[in-house]
Amino acid sequence: KFQLSNGEALNECYLTDLFPLSAMRGNGVSVGSADKLQFLIGKNDNWIDIRRKYAKSNLAKEIKAVKPEIVITQGKEVFKEVLVALDIKGKVTELFVPSLKGKRQFIRKVQWNDTLIVSVPHIGSRRMRTFWRSNLEQIKKVFSEM
């Protein structure tokens, strides 16, 4: 176990957005959702298939090259996509975060080769940032139990 200050985290952590799971924005086009991105791509290709194919061919290579002790994903959907990309069929452990307020959240984990893959509740929305602020100690406790 070790603890990192905010400044040390970037020296000890490898951050990647190898395969974005949300729609991209750029070239003056505000997309905002996979459905809108699919509309822009048209009917010849499927955004989910493009994303999954890229992830299946590259995510395992990236993890093997970096050799992390742990991969942390944000949210259940990204965790599920990582399971698909890495073809993980192993048992997923799900631990409930007893929250003081907000909807039920879980921390999930699965082992892939020598790497532990853990999913924490997503931080993205205002509601989830409130969840994290209100329940940080509970999240830390459940995470440490893993």
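The values are calculated or read from the model by the stated rules, or taken from the named source; none is laboratory data. The structure displayed is predicted, hence computed values, not measured ones. Positions of Cβ are generated from backbone atoms using ideal geometry, with glycine treated the same way; all protein chains shown enter the neighbour counts. The protein model used for the area step is the full one, side chains on, heavy atoms only, and it has no ligands, DNA or RNA in it. Shrake-Rupley method; radii C 1.70, N 1.55, O 1.52, S 1.80 Å.
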Residue in the range 108-121 that is farther than 19 Å from Lys80 by Cβ, open to solvent by 70 Å² or more (accessible area, probe 1.4 Å) and either touching a strand residue (DSSP E or B) at 6+ places or on another chain (Cβ under 8 Å) or at pLDDT below 80 (or both) present: no
Pairs with Cβ under 6 Å, 6+ apart, first in the range 44-60 and over 23 Å from Asn113 (Cα atoms), second open to solvent by less than 90 Å² (accessible area, probe 1.4 Å) and outside any loop (DSSP other than H, G, I, E, B): Trp47/Ala34; Trp47/Leu37; Trp47/Gln38; Trp47/Ile41
Residues satisfying the stated conditions in the range 88-101, i.e. modelled with pLDDT of 85 or more and more than 16 Å from the chain's Cα centre (by Cα): Lys89, Lys91
Residue, nearest to Gly124 (Cα to Cα), within the range 72-82, restricted to residues that are in contact (Cβ under 8 Å) with a residue 40 or more places away in the chain and open to solvent by 30 Å² or more (accessible area, probe 1.4 Å): Gln74
Qualifying residue in the range 124-134 (condition: open to solvent by 90 Å² or more (accessible area, probe 1.4 Å), modelled with pLDDT under 85 and under 16 Å from the mean Cα position of the chain (by Cα)): yes
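Results for (1) touching a strand residue (DSSP E or B) at 6+ places or on another chain (Cβ under 8 Å); (2) farther than 28 Å from Ile139 by Cα; (3) modelled with pLDDT of 80 or more, shown as yes or no for each residue.
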| position | (1), (2), (3) |
| --- | --- |
| Arg25 | no, yes, no |
| Ser30 | no, yes, no |
| Trp47 | no, yes, no |
| Ile50 | no, yes, yes |
| Ala55 | no, yes, yes |
| Ala65 | no, yes, yes |
| Ile70 | yes, no, yes |
